[in-house]
Amino acid sequence: MLRILKHSEYLPVQTVVTVGKFDGFHLGHRRLLAEVLNEAKNGLASCVISFSTTVDCGRKMIYTKEEQRKLCESMGVDILAEYPLDESLREMTAEQFVSEILCKRLQAKVIVAGEDFRFGKDRAGDVKLLQSLENRYDYRTVIVPKVTDANVRISSTGIRELLGNGNVSEAMKRLGSPYVVFGEVLHGKKLGRSLGFPTMNLIPSPEKLLPAYGVYVTKTKVDGQWFDGITNIGLRPTVDSDHRVSVETYLFSYDGDLYGKQVEVHFFSFLRPERKFSDVEQLKSAMREDFANAKAYLKKM
């Protein structure tokens, strides 16, 4: 079970640690975590430090704090240390960060870092400094080369841009897995049911970065089982007027009550932008076409 560690806590066990923002959990992050988990086989606890910066920059997150916890747990990480990137941390020198945080609080015996990792006040610390401090603080450094896609450095910024354009298929390549929305199925207005296509509704956290409004090919995990379907992200302009963004999914073959269940909606391909139809019959016709297109895509997977 994943342990959540606050920044003021001290660990009683020796660890292998990596540090980052981890809001994207992209291929670069996964490479770091794979190395952490590999080193942990030598009797160390695996630990991830995730910096929270949403208060500082106001940016929405590809994966929220709650979703980061789910992802870490699913990958087998032992400890997630959640550190707010506040003024006290920003003013800490690079060596203080190594000494006070990594070695004293987290008992790091192995530190896993990307080759371009920077840390400490004014970003003065780098992997060369980590290596130079190994003997003084009794740890070992593992340096992970940066990950690229077609010679483009993989970054959360680039993935945000792809999601903003609805390009979930390209984002999936850089994330290393499909983009996911986690959440609890909530009671809605049952508008889909009135159309003959009952849907499940998720209301995402305000800090969650969603792809462009539109209809997507998705697979949804419910109670450990996978179900094909389509998902609409947006305002449902044809049938709704409350201007609340929703994630609304229709499952092709699910028969049961979904309300209150925790689900994962995985996005594979963009079908069309969301738009307002002149009447409900046009909407229903478009949905039938969406179903056919989605099933054809999923059949090729």
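Brief remarks follow.
- For the chain, the antiparallel share of DSSP beta bridges with both residues in that region comes to about 60%.
- Distance distribution P(r), region 155-300, all Cα-Cα pairs, bin width 5 angstrom from 0: 2, 10, 20, 25, 22, 15, 6, 1, 0 percent.
- Estimated vicinal HN-Hα couplings, Hz - region 28-45 in sequence order (Karplus 6.51, -1.76, 1.60; Gly, Pro = x): x, 4, 5, 5, 4, 5, 4, 5, 4, 5, 5, 5, 5, 5, 8, x, 9, 7
- The angle between the Cα long axis of helix 280-300 and the main principal axis of the chain comes to about 50°, on a 0 to 90 degree scale.
- Cβ-Cβ FRET estimate between GLU184 and GLU87, R0 fixed at 35 Å, reported to 0.05: 0.50
- Among beta bridges from DSSP that stay inside region 99-180, the antiparallel ones total about 40%.
- Taking all Cα pairs closer than 8 Å and separated by 6 or more residues, the relative contact order of region 3-147 comes to 30 percent.
- Net charge of neighbours whose Cβ lies under 13 Å from the Cβ of GLY176, counting Lys and Arg as +1 and Asp and Glu as -1: +2
- Amide H partners (placed H, <5 Å) of VAL144, local residues excluded: ALA113, GLY114, GLU115
- For a straight C-alpha distance cut-off of 18 angstrom, the lysines reachable from LYS295 (same-chain residues fewer than eight places away being disregarded) are LYS219, LYS221, LYS284.
- Around THR148: net Lys/Arg minus Asp/Glu count, Cβ-Cβ under 15 Å: +2
- Note on GLU9, GLU115: ascending count of other Cβ atoms within 10 Å places them as GLU115, GLU9, the fewest first.
- Directionally averaged projected area (convex hull, Cα atoms, region 3-147), nm²: 7.9 nm²
- Convex hull volume per residue for the chain, taking Cα atoms only, in Å³: 144 Å³
- 3J(HN,Hα) from dihedral phi, region 104-114, Karplus parametrisation 6.51/-1.76/1.60, rounded to Hz, x for glycine, proline: 7, 6, 9, 6, 5, 10, 9, 10, 9, 9, x
- In the chain, helical runs assigned H by DSSP with n ≥ 4 each contribute -39500 (n - 2.57); averaged across all residues and rounded to the nearest 500, the mean residue ellipticity at 222 nm is -8000 deg cm²/dmol.
- For the pair LYS284 and LYS21 in one chain, pulling the backbone fully straight at 0.36 nm per residue adds 90.5 nm over the alpha carbon distance.
- Cα lying deepest toward the dipole's positive end in the chain, options ASN165, GLY43, ALA94, charges on Cβ: ASN165
- Once backbone amide H atoms are built at 1.01 Å from N, ALA81 has LEU5, VAL48, ILE49, SER50 as its partners under 5 Å, excluding neighbours fewer than 5 places away on the same chain.
- Taking label points 7 Å from Cα along the Cα-to-Cβ direction, GLN14 and GLU115 give a separation of 2.9 nm.
No value in this document is a laboratory result; all are computed from the given coordinates. A quick note: this is a predicted structure, and the numbers were derived from the prediction, not measured. Backbone-built Cβ (ideal geometry, glycine too); neighbour counts: all protein chains shown.
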